[in-house]
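The values are calculated or read from the model by the stated rules, or taken from the named source; none is laboratory data. Not measured: the values here are computed from a predicted model. Every residue, glycine among them, receives a Cβ derived from its backbone with ideal geometry; neighbour counts consider all protein chains shown.
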Ligand code: ADP
Ligand code: MG
């Protein structure tokens with residue numbers, strides 16, 4: 001058992017370009033706790049924070065200032081926890097802080113650069129690397145990904161759902177067994193046999209998370225996401241299994257609302273926006289208090305799920321993420337305060353070892369068989385568990401003879417066979433309790449005879465009574481023994497049932513529905529990921545509306561939108577990087593092949609050399625065949641050298657492969673985000689058009705999604721020196737861009753599907769964008785016109 005307080009770290013997010021830094025300082029002492037000092041300016045101290053104080057000092061295990069990189073965060077915080085998990089302990093890492101302070105960046109990572117990978121992908125990489133190195137055990141790994149929003153749990157890893165809303169995902173509910181263990185019903189546990197499969201699952205979950213989020217519910221800042229890696233390990237042939245879980249938790253934004261109106265409020269009076277964080281704080285306060293017997297875990301789903309991670313069987317680390325610009329000083333202070341309370345909590349992590357009842361039964365059965373064999377060898381007789389009919393009759397006879405025998409020294413000898421001894425006792429007991437008339441006679445006759453002969457001898461009677469008592473005791477002991485054996489057998493049976501029931505509950509509740517899918521490896525290989533991505537590429541929202549097909553106009557608009565989207569630069573960058581990496585991999589592949597053939601060549605030369613020397617030995621036997629051959633030695637050394645360079649290149653090759661896969665996933669993600677943004681923008685556009693069909697396109701009246709502003713900015717900033725009009729007769733579909741000059745200040749009103757005034761900017765690129773956009777719009781109008789007719 002390892003008793004430890006929760007390790008609490010702080011990470012300060014780099015300031016944005018327009019942000020002003022709040023005043024803070026980091027005091028980093030080697031081997032000691034680091035401290036963070038925040039100074040509140042007087043003007044700020046007035047409203048929200050207790051205005052009596054100006055500086056606040058907080059202690060942390062370690063503080064990572066603005067420039068800390070993701071690999072350092074992983075090495076210092078996540079790696080030790082991952083090591084514990086591999087050793088069979090439970091682990092949890094959770095990020096806590098206000099929205100925008102870098103929780104998701106820290107836990108999952110940024111979407112732009114490979115080096116921005118967060119704790120989850122790095123941990124997966126580390127875990128699978130370690131598992132591969134350890135061949136002494138058989139490991140199995142599963143992952144699950146749960147999102148909790150408004151007290152409802154959703155399974156983010158259900159591949160059958162193409163969710164466009166959170167509510168479309170399978171609902172996860174909490175169940176508690178009689179030992180108060182928490183089980184999550186409906187949360188799928190997906191097996192991942194290697195890093196690639198696990199990363200694909202993470203990507204699937206993140207995509208579902210992103211798609212399910214709408215601007216309305218702001219799910220990402222209001223929900224908690226728990227990515228869990230389940231590791232089980234077993235030594236071959238052993239009945240002991242170690243199971244451990246690693247929760248990687250991205251909590252909801254911890255921002256609070258202050259009570260307004262009265263100045264000088266204490267910070268603690270401010271209330272969380274998110275109720276479940278309020279319950280988390282209550283749990284933490286309760287845990288930090290001594291002598292508290294009741295900890296209110298059950299108040300919320302999140303505290304129930306994280307029950308073990310807080311004050312239980314777990315190695316836990318918390319990362320307080322701080323956005324330290326001036327406006328967020330108060331939130332940063334409350335994050336730090338929360339962290340200080342968390343740092344007081346002691347956890348007791350124990351090794352999660354259990355005996356697999358099925359394996360235990362197999363072992364016991366084998367032991368029984370061995371003993372039976374041994375017995376057979378000693379007695380020379382075969383033993384079955386039941387006595388044969390013949391043996392039973394023999395025993396009945398022996399018992400009768402024994403009872404009839406008046407000789408007090410007579411014995412009942414059935415041999416060294418427990419089955420027979422037991423039978424005799426049971427039979428005699430039955431005779432005592434329910435004697436048949438003949439038996440009764442037998443017994444009474446015996447007794448009367450004895451009474452006759454020993455009437456005077458009270459002592460003899462006492463002796464007999466003692467004997468009877470003794471037998472009674474013996475019978476009782478044997479019956480107890482029997483009962484115990486029976487109970488053991490029942491227990492074993494129960495355990496077997498329980499384990500099979502448990503596994504069925506697990507299978508059902510965690511809905512590992514294998515029939516519905518192929519094996520995860522085939523499903524989530526890189527190829528699988530691409531299949532999946534092509535299916536989500538279908539723009540779920542639009543395709544639902546248009547019955548599966550995207551109109552040409554919509555596609556065109558999407559092309560324009562894509563070009564102007566802020567993320568297009570990221571895509572381009574990543575594309576370039578991917579190209580580079582592909583080229584590198586290709587080059588490495590060629591080199592690897594070269595080295596391999598070189599090694600083969602060298603080997604061939606050695607063989608050749610052997611043959612030559614053997615021939616030499618035959619022709620001139622005086623030559624010593626085993627003599628040291630410097631040429632061969634040199635060849636061998638060359639082979640070693642080549643092997644070394646092969647190994648280095650191969651490792652680089654492997655690393656590049658992982659990086660390429662990651663980059664591909666990142667790009668898919670950005671693309672998906674762009675599509676989602678487009679859908680939102682497009683549907684709003686369509687809605688606006690429906691509401692105001694008679695309005696003319698004026699760039700200032702179009703509802704524009706932020707990403708689209710760029711191209712439209714030209715419109716508002718450029719003077720409309722040349723406003724053009726497409727004549728409806730000439731070009732109803734907008735195919736021909738013949739244009740006529742008109743009054744620049746004119747705001748024309750035109751009927752549906754007729755001419756549209758198009759302001760051009762003079763910038764050929766922007767003009768092309770506008771025309772494409774207008775065309776798309778016009779098509780909508782036309783389609784609407786047709787529908788109305
Ligand atoms: P949260 O999940 O707490 O709401 P995010 O992780 O989404 O916050 O971070 C908000 C923004 O800040 C994102 O664009 C993210 O990329 C960026 N960011 C956060 N932390 C860092 C960091 N340490 N370095 C660089 N960018 C960061
Ligand atoms: Mg976030």
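Within the range 609-624, not a single residue is touching a residue at least 24 places away in the same chain (Cβ under 8 Å) and within 28 Å of residue 201 (Cβ to Cβ). Would you call residue 318 at pLDDT 85 or above, buried (at least 22 other Cβ atoms within 10 Å of the Cβ), over 21 Å from residue 176 (Cα atoms) and in contact with a strand residue (DSSP E or B) (Cβ under 7 Å, 6 or more places away or on another chain)? Yes: the conditions hold for residue 318.
What are the residue pairs meeting all of these: first residue in the range 68-84, first residue free of Cβ contacts under 8 Å to residues at least 40 places away in the same chain, second residue assigned to a loop (DSSP other than H, G, I, E, B) and within 12 Å of ligand 1 (Cβ to nearest atom), Cβ atoms under 8 Å, and 6 or more apart or on different chains? Listed by first residue and then by second, the contacts come to nothing, as the list is empty. Restricting attention to the range 232-249 and to residues that are closer than 19 Å to residue 354 by Cα and in contact with a helix residue (DSSP H, G or I) (Cβ under 6 Å, 6 or more places away or on another chain), the residue that is farthest from ligand 2 (Cβ to nearest atom) turns out to be 239.
Of the residues screened, residue 386 is not one that is over 30 Å from residue 93 (Cα atoms) and assigned to a helix (DSSP H, G or I).
So which of 69, 62 is surrounded by fewer than 23 Cβ atoms within 10 Å (Cβ to Cβ), more than 27 Å from residue 232 (Cβ to Cβ) and in contact with a strand residue (DSSP E or B) (Cβ under 7 Å, 6 or more places away or on another chain)? Checking each option against the conditions leaves just 62. Just so you know, in the range 213-249 the residues that are crowded, with 23+ Cβ neighbours inside 10 Å and within 16 Å of ligand 1 (Cβ to nearest atom) include one that is modelled with the lowest pLDDT, and it is 223. For the condition surrounded by 15 or more Cβ atoms within 10 Å (Cβ to Cβ) and out of contact with any strand residue (DSSP E or B) (no Cβ under 8 Å at 6 or more places or on another chain), residue 113 qualifies. Among the residues of the range 319-359 satisfying the criterion of being within 16 Å of ligand 2 (Cβ to nearest atom) and assigned to a strand (DSSP E or B), which is farthest from residue 146 (Cα to Cα)? Applying the filter and picking the extreme gives 322. Considering the range 67-162, the qualifying helices (runs of 4 or more DSSP H), each wholly inside and each with 2 or more residues that are within 16 Å of ligand 1 (Cβ to nearest atom), run over 70-73, 103-107, 119-133. Pairs meeting the criteria (first residue in the range 243-258 and free of Cβ contacts under 8 Å to residues at least 24 places away in the same chain, second residue within 16 Å of ligand 2 (Cβ to nearest atom), beta carbons under 7 Å, at least 6 apart or on different chains) are 257/273. Residue count for the range 170-187, restricted to those that are surrounded by fewer than 24 Cβ atoms within 10 Å (Cβ to Cβ) and in contact with a strand residue (DSSP E or B) (Cβ under 8 Å, 6 or more places away or on another chain): 12. Quick check on the range 288-306. Is at least one of its residues under 26 Å from residue 101 (Cβ atoms), surrounded by fewer than 21 Cβ atoms within 10 Å (Cβ to Cβ) and touching a residue at least 24 places away in the same chain (Cβ under 8 Å)? Checked the range 288-306: at least one residue is under 26 Å from residue 101 (Cβ atoms), surrounded by fewer than 21 Cβ atoms within 10 Å (Cβ to Cβ) and touching a residue at least 24 places away in the same chain (Cβ under 8 Å). How many of the residues making up the range 85-105 are under 18 Å from residue 302 (Cβ atoms) and more than 9 Å from ligand 2 (Cβ to nearest atom)? So the answer is 8. Residue pairs whose Cβ atoms lie under 6 Å apart, separated by 6 or more positions or on different chains, with the first residue in the range 97-116 and within 13 Å of residue 251 (Cβ to Cβ) and modelled with pLDDT under 95 and the second assigned to a helix (DSSP H, G or I) and within 11 Å of ligand 2 (Cβ to nearest atom), are 99/221. Residue 406 meets the conditions (1) in contact (Cβ under 8 Å) with a residue 60 or more places away in the chain; (2) in a loop (DSSP other than H, G, I, E, B); (3) surrounded by fewer than 15 Cβ atoms within 10 Å (Cβ to Cβ) in every case but one. The failed one is (1).
State whether one or more residues within the range 441-451 are over 30 Å from residue 382 (Cα atoms) and either modelled with pLDDT of 75 or more or not in a helix (DSSP H, G or I) (or both).
The answer is no, given that none of the residues of the range 441-451 is over 30 Å from residue 382 (Cα atoms) and either modelled with pLDDT of 75 or more or not in a helix (DSSP H, G or I) (or both).
You will find that of 138, 143, the residue that is touching a residue at least 60 places away in the same chain (Cβ under 8 Å), surrounded by fewer than 20 Cβ atoms within 10 Å (Cβ to Cβ) and touching a strand residue (DSSP E or B) at 6+ places or on another chain (Cβ under 8 Å) is 138 and no other.
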